[in-house]
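Right, one structure below, let's go through it.
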Amino acid sequence: MTRHPLVGTTRTRGVLTGYFYPGPVVAGRAEGAQMTDTTDATVQPHFGELLDGLRATFATGVTRPLAWRARQLDALQRFLAERESELVEAIQHDLGRPVAEAFGADIGHSRVHIKHTRKHFERWARPHRGSVGALSFPATAQVISEPLGVALVISPWNYPVQLLVEPLAAALAAGNCVVVKPSELAPSTSAVIARHLPNYLDPEAVVVVEGAVEETTALLDQRFDHIFFTGSTNVGKVVMAAAARHLTPVTLELGGKSPTIVAADADIGVAARRIVWGKLINAGQTCIAPDYLLVEDAVVDELIDRIRSTIHSFYGDDPGTSADLGRIVNERHFDRVCGLVDGGGGTVVIGGGRDRTTRRIEPTVVLDPDLDSPLMAEEIFGPVLPVVRVASIDQAIDAVNSRPKPLALYVFTSSNATADRVIATTSSGGACVNHVVVHVLPESLPFGGVGPSGMGAYHGRAGFDAFSHRRTVLRKPTRPDPAMLYPPYTKAKESLIRRVLR
Ligand code: NAD
């Protein structure tokens, strides 16, 4: 075994192992990474040897046995349990999130989902018998879920543990080698993952690559067998274009503006409480946060009053400084969110305060925003809630359908018929009736977007399937082997074929 200069642990079986740390990017060059010199201005890290190593590991078959997969899932759970305090501290450092949110949304959520996968993956992996029908008789058939090979998981910063370890668990349960790329915008969490994760998992099958756009671009130059990307719709297009060069299948978990419809017959107190909660966890930096409200005119004032009192009951008299409210991830995003409010038209009826030095923005409600403004066109990803009046539920449905399909849609109503109508006449990645965000919780239900909010899904069986190929294997006896199936095709054979295939 020799220590490789580019990686955190060791080299065995000729395989690069552990974590790959390209180091700080200096003048367009990731120090420490392997370099391909093209021109002086475009020196880039490349990951050819890394991929060769992982392919060699996969080719040995070591990742296929269920026992190996079970060991990786158990080790992932141990990583979360033993490194919990470092991970929570890192998330707090990166995002200023309260412990309850850092633990609940990242560590706790991941543990529950991995536990579910650990409990069921052996059943999901079991080949199942298929019916062959009359055409292939006599024969038997099986559908076998086989691993795809080497997968790439690219994660965003907003839930920097959950959105890395949950797809990783699905990929491992399905028997793949994996490269995980945490987000550079949550650098403390990325560092904890890079430092410790390789000590838990098979270092010849799982590699952590830290880095930003340059490193991710270099990774995407390589041929993977699956790419699982969570992030913005714009970068999703970049990832899909890169994957297309190798015909690599992708799962894209993207963003968008998730609308929330509030009908006049809704329980306004409950609606206000749940909307405020879902909007303000992680300071609004949640992909399925309610982005904007479509509220029936008759209840707009009451809803805003209830939202105001709820914000005060959750976060006190000075919500912008509450320790229970996270902060904006960086100054660029802080300026972006403030710009959306400033250019959004309408009236700021709640909040509006901000402090660039702490990157905190008060929970802010904008009534009657300009519908053509960036506030109503871009994903907000901050603690800002536009409220749009609608004359009827039909008008709300038309407003939803006139925009790109969102990642989530929420409707508050006491009428099942209204809820059913909204669900039946719109499309979104997921939806909740009388709540927000919580459809991400059940560990056995598929989670994903549709159209520009994403493609494919994961969580539970859906995650296992995303990283598997379902291979149909048909077994035939050598007898009988009727001559009429083969050329030359006589009239009699043709009429038989026509009779059979009717
Ligand atoms: P992002 O798209 O900017 O970055 C995501 C990842 O892609 C990061 O690891 C980053 O390093 C990498 N990346 C960024 N630019 C790249 C480029 N040009 N080429 C290659 N790689 C690149 O997203 P973000 O800001 O980290 O996260 C916020 C977005 O993610 C929001 O749009 C949010 O809705 C979405 N999101 C979606 C889900 C979901 O489950 N659907 C979950 C969380 C976040």
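Things to note:
- For segment 160-266, a simple Cβ point-charge model (Lys and Arg +1, Asp and Glu -1, everything else neutral) yields a dipole of about 220 debye relative to the Cα centre.
- Point-charge dipole on Cβ atoms (K/R +1, D/E -1) for the chain, about Cα centre, debye to 20: 3120
- Most tightly packed first, judged by the mean number of other beta-carbon atoms within 10 Å of their residues, the peptides 310-319, 258-267, 274-283 read 274-283, 258-267, 310-319.
- Calculated on the alpha-carbon coordinates, the convex hull of segment 259-445 measures out at 111 cubic angstrom per residue.
- Local electrostatic count, Leu73, Cβ distance below 12 Å [Lys/Arg +1, Asp/Glu -1]: +3
- Using a probe of 1.4 angstrom and keeping all protein chains present, the accessible surface of segment 360-405 works out to 41 square angstrom per residue.
- Alpha-carbon Debye profile of the chain, log10 I(q)/I(0) at 0.05, 0.09, 0.10, 0.12 Å⁻¹: -0.23, -0.69, -0.82, -1.08
- Pairs from the table (Lys181/Lys279; Lys237/Lys257; Lys257/Lys279; Lys181/Lys257; Lys257/Lys405) lying more than 19 angstrom apart at Cα are Lys181/Lys279; Lys181/Lys257.
- Given charges at beta-carbon only (K, R positive; D, E negative), |dipole| of segment 259-445 in Debye: 540
- For the chain, carbon and sulfur atoms together expose 55% of the accessible surface, with a 1.4 angstrom probe and every protein chain in place.
- Based on the Stokes-Einstein relation at 4 °C and a viscosity of 1.567 mPa s, and on the Kirkwood radius from alpha carbon pairs, segment 360-502 is assigned a translational diffusion coefficient of 64 µm²/s.
The values are calculated or read from the model by the stated rules, or taken from the named source; none is laboratory data. Values in this document were obtained by computation on a predicted structure and should not be read as measured data. Virtual Cβ from ideal backbone geometry, glycine too; neighbours counted across all protein chains shown. Ligands, DNA and RNA are stripped out before the accessible areas are found, and what is left, the full protein with its side chains, is counted by its heavy atoms. Shrake-Rupley method; radii C 1.70, N 1.55, O 1.52, S 1.80 Å.
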